[in-house]
Structures are given as structure tokens and as C-alpha cells.
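All remarks here apply to the structure that follows.
The values are calculated or read from the model by the stated rules, or taken from the named source; none is laboratory data. From a predicted model like this one, the values you see are computed outputs, not experimental measurements. Heads up, the Cβs are rebuilt from the backbone with ideal geometry, glycines too, and the neighbour counts pull from every protein chain shown. These area figures cover heavy atoms from the full protein model, side chains too; ligands, DNA and RNA do not enter into them. Shrake-Rupley method; radii C 1.70, N 1.55, O 1.52, S 1.80 Å.
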Amino acid sequence: MEPLLLFLIIFFWTPPHFWALALFRSDDYARAGIPMLPVVAGPDATRLQILLYTIVLVAIAVAPWPLGYFDAIYGATSLVLGAGMMWLAIEVYRYREGKQAQRATRRLFAFSILYLFALFATLLLEVVVRAAAPLLG
């Protein structure tokens, strides 16, 4: 189950990350003929999909903690990062035009990189600490 959860975290992280990029670069994708979601389905549909995928992502990313795979440090980190990711996804959904919309999509894109890195770095840290605990006595 644990490897499946890790796979699902990456699987559900990918669309909000790339669709946020695609929203603020949709003109470039359209000119190049690349069928990214904002080009094919429009920006409003893309914003909705970002929000829906983020809701699922946050739920799945927290799951290893209550399932007992990782400890409270991971749980707290996941909750804080998830709250940030949700907040930004809601901003992307809420702001539809203008500079606020562009800013929201860029912020989500940038934060999503930090989100995945910090989440998996915390997982790694917990595994290393667990492995070192018996050696430290």
C-alpha cells in the first residue's frame, strides 16, 4: 500500500503542477499546437480540474500518516504543505482574468515544486531517523 500511495502522490501532483504552467503559457502552447488542457478545454475547465486534483492530492498525501507509515512530523508537514497547495489552487480557481490570475497560476506552479520536494524530503528524513534510532541507542 505504501508504494501505491507514493505513486498516487506524484500522479495527482502532476496535473495541477503542469496545468498551472499551461494556464500562464497557454498562448505559447496554442501557437506551438500542443494540446494542453487550457488550449483544448479552456482556462475555466483547467482551473476546475486543478482544484479537483489538488483536493485529491492533499487527501492522498496526508494518508500515510494516519495509516501508520510515517510519524507526526510527516503528518504535520503534509497538512501545512497541503493547506498551502489548497489555498493556491483556490486562488487559481477564484481569479479568472488579469494580473491576479497570472500571479495565482505562477504562485501555484512555483509552490508545487516546493510542495513535492518538501513532502518527499520529509519522508526521507523520517526513514533515515528511523534507521538511525537503533544505532543511537
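Debye-formula intensities of the range 1-55, expressed as log10 I(q)/I(0) at q = 0.22, 0.31 Å⁻¹, are -0.76, -1.14 (one equal scatterer per alpha-carbon, no solvent). By accessible area, using a 1.4 Å probe on protein heavy atoms only, the chain has 70% of its surface on carbon and sulfur.
When both the range 103-137 and the range 1-52 are represented by their alpha-carbon centers, they are found 22 Å apart.
Quick check: residue separation of LEU136 and ALA32 times 0.36 nm, minus the Cα distance between them. What number comes out in nm?
31.8 nm
Ordering 31-41, 105-115 by mean Cβ neighbour count within 10 Å, with the highest value first, yields 105-115, 31-41. Mean residue ellipticity at 222 nm, helices only, the chain: -29000 deg cm²/dmol; runs of at least 4 DSSP H residues each add -39,500 (n - 2.57), and the sum is divided by the number of residues. Just so you know, the Rg over Rh for the range 51-137 is 1.12, from Cα atoms, with Rh as the Kirkwood radius. Taking LEU88, LEU79 and ordering them by how much accessible surface each has at a 1.4 Å probe, largest first, produces LEU79, LEU88.
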